[in-house]
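Colleague: Structure in structure tokens, see below.
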Amino acid sequence: MLFTAAFSAFACSEKVQEEKEFNYTDERFADVQILHYEVEGFENLSLQQKTFIYYLNEAALWGRDILFDQNGRYNLEIRTMLEEVYQNYKGDKNDKNFKALEEYLKRVWFSNGIHHHYGSEKFVPGFEREWFVAQTKCSDEIAEVIFNPNVMPKKINLAEGVDLIATSACNYYQGVTQEEAEKFYAELKAKGDQKHPVMYGMNSTLVKDKDGKIYEDLWIANGKYGKAITKIVENLKLARPYAEDAKQQEVIDKLIAFYETGDLKIFDEYSIAWTENTEPVVDFVNGFIESYGDPLGMKASWESIVNFKDIEATKRTEAMSNNAQWFEDNSPVAKEYKKESVKGVSAKVINAAILGGDLFPSTAIGINLPNSNWIRAEHGSKSVTIGNLTEAYAQSSNGSGMLEEFAYSQTEIDIIKKYGQFTDDLHTDLHECLGHGSGKLLPGVDPEALKAYGSTIEEARADLFALYYLADAKMVELGLLPDAEAYKASYISQMQNGLLTQIVRIKLGDQIEESHMRDRALIARWAYEHGKGAGKDGKDVIEMVKRDGETFVKINDYEMLRNLFGQLLAEIQRIKSTGDFNAARDLVENYAVKIDAELHKEVLDRYTKLNIAPYKGFVNPVYTAVKDKSGKITDVKISYEEGYTEQMLRYSKDYSPLK
Ligand code: ZN
């Protein structure tokens, strides 16, 4: 599971203002701003650690093409075509068509495909079809995919009542209907180990051949995506001798064995070894991990992150994980849905060294893995907050004007300025270290029972856990917050974001699709509705105040709001624990999807005036190995000079085995 930057425009603190001269911001296009991130502390690592990181970074870059293909079967071909036109164009580079192609290509790089990385809708090209076809050998089939708005309009469709596979452009199923796919996996599950089920379907394309036989085309070294996987394995083998301990070598061995066989039991063994390997400073994720990109929530997209521990900041999350059982015991959730013993929730703050696949260029700021429910219950999970990325986000949004535009009054602005940075970081830590790891399924409940609503419910569960505890005296007692007022910053952010500001990321007329956004809307709107007349003296807990045609969110009763978060947490945990699909659907459909058109327009107008990019993503640093005559690495240099376009073209040239 991952945690995305909620809305970093609110982040603002003293820490941010006294910064050094690192240049975080790069270019802007469409709805995106590109940032650089600084790999703080890399120079202080040992040569062994730097060498280890170097090879793991290489392994992280070789999987990029896999994701492009997973996101849509024409993506690689289209990317290659666009890059050729872009690099070989002989006409005027200031003409309208070329400019539009350049922006479109930048968006395709950013989304790893032709659909928006977040909203999932297909991009509308600004260049003419006739012009494009004249530049390159583009078949009618491909031209239709690029230019016809009715062909593959969405990457992931979660709308009710239609075949989700047929209406989604993602490339995980070939020739099968949703019903056939669900039946195929239901049968596998029924036959398999009930207590320790593997993550069925996560590493394959489900195909129906011309005889009507349905089978899994595995993503392995000598199977589908084999050329990319072989390069990944090669670099994992080069990294292996530099691992920090024997357990970490075992982790690499298991991962390689999984890439070579596709055996999901080996993947579970790998996940357990990885979860238990908490000592090393350097760590990494490389593989098929998250299933947000599959409308059925099974197929995992390829991603990688290489990172190392930020020792100082990790003290903060350790204070939390050392008290994990206390948090579990004292939550408002019913006793039968709680874990009797919370297993090793390891938590740390890390700095990212490189981002790859589904974590690049748009990325998470926190990660909690593995995703297997029984492994989490029996072996715990690893949870990280990515410190240097959070820092880069905060830097870039400082002084954007967002806070001043949408805050109800100076009081809210002051609270956010004073406490925002503390509570933002802490919210992420609580969400990842404790939220996702809390609670349990009742025996026999299918972990996928909530189907398309599962991700939203899971994210809401983790967020509510965080919101509930941010206001707890325990936070101050553990030294995580400075005083009993600080949590208000997170409540203001949550309610403003969920009721108002997050919809700036959505086009007028569209609905909320992405799980984290649905989660935030669900929480804010549910609390708003259930807080009517429930505050002190019968007042509303939260008000939507109109002032000169502009809407503001005002919290009248913070204590009661915490109480509401607790009530909703208890209900959402019940839904998860019992696999109550109908209740999940009702909550999500009633609170998390639709947007009031009038309010949407108002918020977009106010936001447009501020001229801020709603999405951010990153350029990776460039690592250069200095080698001696024998080819052994003697040092690894890092530089931040490379720009976005340069980097994307280089990756497409040097790390593209599948096109
Ligand atoms: Zn999460």
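Colleague: Please say if the chain is rounded, prolate or oblate, where rounded means a/c under 1.5 for a ≥ b ≥ c the square roots of the C-alpha gyration tensor eigenvalues, and otherwise the choice is prolate for a/b larger than b/c and oblate otherwise? All intermediate terms of the calculation are to be shown ahead of the outcome.
Modeller: Values: a/c = 1.27, a/b = 1.19, b/c = 1.07.
It is rounded, given that a/c, with a ≥ b ≥ c, falls under 1.5.
Colleague: Ok, one more. With unit charges on the beta carbons (Lys and Arg positive, Asp and Glu negative) and the dipole taken about the Cα centre of the chain, which residue among A527, N388, W131 sits farthest to the positive side?
Modeller: Final value for the positive-end residue is W131.
Colleague: Moving on. Once a ≥ b ≥ c are taken as the square roots of the eigenvalues of the Cα gyration tensor of the range 32-131, is the result rounded (a/c under 1.5), prolate (a/b larger than b/c) or oblate (a/b not larger than b/c)?
Modeller: Prolate.
Colleague: Taking the Cα centre of the range 557-659 as the origin and placing charges on Cβ (Lys, Arg +1; Asp, Glu -1), which of L561, Y615, G643 is farthest toward the positive end of the dipole?
Modeller: G643
Colleague: Under the 0.36 nm per residue contour assumption, what length would be gained going from the current alpha-carbon distance of A257 and K536 to full extension? Can you show the working numbers first?
Modeller: Numbers: separation 279, 0.36 × 279 = 100.44 nm, distance 6.07 nm.
Full-extension gain reported as 94.4 nm.
Colleague: Write out the trypsin sites (Lys or Arg not before Pro) in the range 186-229 meeting two conditions: DSSP loop, and at most 13 other Cβ atoms within 10 Å of their Cβ.
Modeller: Details: sites: K189, K191, K195, K208, K210, K213, K224, K227; in loops: K195, K210, K213.
Here the trypsin sites (Lys or Arg not before Pro) that fit, given the DSSP loop and packing criteria, are K195, K210, K213.
Colleague: So which GluC sites (Glu not before Pro) in the range 464-522 are both in a DSSP loop and have at most 16 other Cβ atoms within 10 Å of their Cβ?
Modeller: Working: sites: E477, E485, E513, E514; in loops: E485, E513, E514.
Sparse-neighbourhood loop GluC sites (Glu not before Pro): E485.
Colleague: Would you give the gap between the C-alpha center of the range 415-469 and the C-alpha center of the range 205-237, rounded to a whole Å?
Modeller: 34
Colleague: Give me the percent of accessible area attributable to carbon and sulfur for the chain, probe 1.4 angstrom.
Modeller: Values: 12480 of 25440 Å².
Exposed carbon and sulfur together represent 49 percent of the surface.
Colleague: Using a ≥ b ≥ c from the Cα gyration tensor of the range 116-240 (square roots of the eigenvalues), is it rounded, prolate or oblate, where a/c under 1.5 gives rounded and otherwise the larger of a/b and b/c decides, a/b for prolate?
Modeller: Values: a/c = 2.18, a/b = 1.38, b/c = 1.58.
It comes out oblate by the Cα gyration axes.
Colleague: Grab the Cα-Cα distance for Q48 and D193, subtract it from 0.36 nm times how many residues apart they are, and report the gain in nm with one decimal. Could you put the intermediate results ahead of the total?
Modeller: Working: separation 145, 0.36 × 145 = 52.20 nm, distance 4.07 nm.
Answer, rounded to one decimal: 48.1 nm.
Colleague: Expressed as a rounded percentage, what relative contact order does the range 477-628 have, with Cα pairs under 8 Å and six or more residues apart? Could the numbers behind the result be given before it?
Modeller: Values: 133 pairs, mean separation 40.5, N = 152.
Over the range 477-628, the number comes to 27 percent.
Colleague: Relative contact order (percent) for the chain, with alpha-carbon contacts under 8 angstrom and 6 or more residues of separation?
Modeller: Details: 1163 pairs, mean separation 126.5, N = 659.
Here the relative contact order equals 19 percent.
Colleague: While we're looking at this one, here's another question. Using a 1.4 Å probe and ignoring any ligands, DNA or RNA, find the accessible area of S291 and quote it in Å² to the nearest 10.
Modeller: 40
Colleague: Can you work out the PRE-style zone for D217? Point 7 Å along Cα to Cβ, and I want the residues of the range 290-324 with backbone N under 20 Å.
Modeller: Within reach of a label on D217: 293-303.
Colleague: Quick one: check the C-alpha center-to-center distance for the range 579-598 versus the range 388-410, whole angstrom.
Modeller: Answer, in whole Å: 29.
Colleague: How much area per residue is accessible in the range 107-181 when the probe is 1.4 Å and only protein heavy atoms are counted (Å²)?
Modeller: Working: 3230 Å² over 75 residues.
Counting only protein heavy atoms, the per-residue value for the range 107-181 is 43 Å².
Colleague: So, one more: How high is the FRET efficiency between E340 and T624 when r is their beta carbon distance and R₀ equals 60 Å, given to the nearest 0.05? Don't skip to the answer; put the middle values down first.
Modeller: Numbers: r = 51 Å, r/R0 = 0.85.
Between E340 and T624 the formula returns 0.70.
Colleague: Students often check this: by mean Cβ neighbours within 10 Å, which of 363-372, 635-644 ranks highest, and how do the rest follow? Before the final figure, lay out the partial values.
Modeller: On the way: 363-372: 23.8, 635-644: 14.7.
Final packing ranking: 363-372, 635-644.
The values are calculated or read from the model by the stated rules, or taken from the named source; none is laboratory data. Predicted model only: the values in this text are computed from it and were never measured. For neighbour counting, all protein chains shown are included, and Cβ atoms are generated from backbone atoms with ideal geometry for every residue, glycine included. Ligands, DNA and RNA are excluded from the accessible area calculation, which covers all protein heavy atoms including side chains. Shrake-Rupley method; radii C 1.70, N 1.55, O 1.52, S 1.80 Å.
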